[in-house]
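Presented below is the structure to which this report refers.
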Amino acid sequence: MIAIYPGSFDPLTNGHLNLIERGARIFDELVVAILRNSEKTPLFSVEERLEMLRECIVGRPNVRVESFEGLLVDYARQLKAQVVLRGVRAVSDYEYELQMAWMNRQLDSTLETVFMMPAGAYPYLSSKLVREIVSLGGAISGMVPPSVEVRLRARLGASRLAQK
Ligand code: PNS
């Protein structure tokens, strides 16, 4: 069974990685899919995010990282994926996730959304908060992989110093 784990991953956090590990144990193939979204201005380009994710999934033969444009259901059809994997942390995620899952089901009733919980350590971790903490000079050890932290500090730490 092929599953897609779609998202922005701007940047990848340890919560995302935990979900990738869990998904890779259940599905035969897991495609981590970064959305190419022209409406958002991301901190990292899609190419940078692909690189960061690929660095972190080394040694997981059934996981691959790709990017996609357009509707998720169309991309799922193209990959012959039967499942969309999404992480649900706190109740606050549920409304948004349910709306997306329902919409995707309207668009393609054969595509099933599966929700998984990340490990206990990550329920309140988000890319947005991680970006904010780094830009304000705070510590994020344990929240993102070390290679991602280095890139975050290089990008946001530099802009913070420039603002001083
Ligand atoms: O990490 P995010 O930003 O919460 O991920 C959102 C994502 C990429 C899963 C969602 O925006 C998506 O699937 N976009 C593709 C366009 C699409 O299919 N839109 C309709 C979904 S209901």
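Those helices (runs of 4 or more DSSP H) of region 79-161 in which at least 3 residues are farther than 23 Å from Ile57 by Cβ, hydroxyl-bearing (Ser, Thr, Tyr) and open to solvent by 90 Å² or more (accessible area, probe 1.4 Å), considering only elements entirely within it, cover 91-107. Pairs meeting the criteria (first residue in region 59-72 and in contact (Cβ under 8 Å) with a residue 12 or more places away in the chain, second residue within 14 Å of the ligand (Cβ to nearest atom) and open to solvent by 80 Å² or more (accessible area, probe 1.4 Å), beta carbons under 7 Å, at least 6 apart or on different chains) are Ser67/Arg36; Phe68/Arg36; Glu69/Arg36; Leu71/Leu107. Assess whether Val84 counts as being within 14 Å of the ligand (Cβ to nearest atom), closer than 20 Å to Arg25 by Cβ and in contact with a Leu (Cβ under 8 Å, 6 or more places away or on another chain). Yes; evaluated as a whole, the condition is true for this residue. Taking region 124-139 as the search range and keeping residues that are under 17 Å from the mean Cα position of the chain (by Cα) and touching a residue at least 24 places away in the same chain (Cβ under 8 Å), which one is nearest to the ligand (Cβ to nearest atom)? For region 124-139, the residue satisfying everything is Ser127. Cβ-Cβ distances below 8 Å connect the following pairs, each with a first residue in region 98-115 that is farther than 14 Å from Tyr5 by Cβ, a second residue that is more than 7 Å from the ligand (Cβ to nearest atom) and open to solvent by 80 Å² or more (accessible area, probe 1.4 Å), and a separation of six or more residues or different chains: Asp108/Arg77.
For Met117, the criteria (1) out of contact with any helix residue (DSSP H, G or I) (no Cβ under 8 Å at 6 or more places or on another chain); (2) farther than 18 Å from Phe27 by Cβ hold in every case but one, which is (2).
Residues are listed down the side, and each one gets a yes or a no for (1) modelled with pLDDT under 95; (2) under 21 Å from Leu152 (Cα atoms); (3) under 16 Å from the mean Cα position of the chain (by Cα):
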residue	(1), (2), (3)
Phe44	no, yes, yes
Glu51	no, yes, yes
Val63	no, no, yes
Val83	no, no, yes
Asp93	yes, no, yes
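The values are calculated or read from the model by the stated rules, or taken from the named source; none is laboratory data. For clarity, every value in this text was computed on a predicted model and none was experimentally measured. Every residue, glycine as well, gets a Cβ built from its backbone with ideal geometry; the counts of neighbours run over all protein chains shown. Protein only, heavy atoms only, side chains kept; ligands, DNA and RNA dropped before computing areas. Shrake-Rupley method; radii C 1.70, N 1.55, O 1.52, S 1.80 Å.
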